[in-house]
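What follows is one structure encoded as structure tokens, with my remarks underneath.
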Amino acid sequence: MHDRKSETTAPAIPGWRLIVSDTGRYWAIRNRAFPRVALRAGVEPAVDADTFEEVRAAVAVQEEKARDAVAAVEGGAS
């Protein structure tokens, strides 16, 4: 695998480290840990996909799940 961050024209996902395998598969790993409550709710700090668009969408899903889990604990979810 090689780290796309080292390439100047590489796509980026803020807050996540993007890696592309030698076979072209994309992996994104969150730079900072999710809150414990989010992890208990099943949020994944690492995702993978066949394309950058798919991995970006997978990251968005995990970030939304984490926000929802934190909001539920803080009483902000309906």
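The dipole here belongs to the stretch 2-73: it is taken about the Cα centre, uses +1 on the Cβ of Lys and Arg and -1 on the Cβ of Asp and Glu, and is about 400 debye. Contact order, relative form, for the stretch 2-73: 26 percent (alpha carbon pairs under 8 Å, 6 or more residues apart, mean separation divided by residue count).
Give me the one-decimal Kirkwood hydrodynamic radius in Å for the stretch 2-73, with the sum taken over alpha-carbon pairs. Don't skip to the answer; put the middle values down first.
Working: mean 1/r = 0.0794 Å⁻¹.
About 12.6 Å, per the Kirkwood formula over Cα pairs.
FYI, it's all coordinate maths here, none of it is from the lab. Predicted, not measured: the structure shown is a model, and the values here were computed from it. Virtual Cβ from ideal backbone geometry, glycine too; neighbours counted across all protein chains shown.
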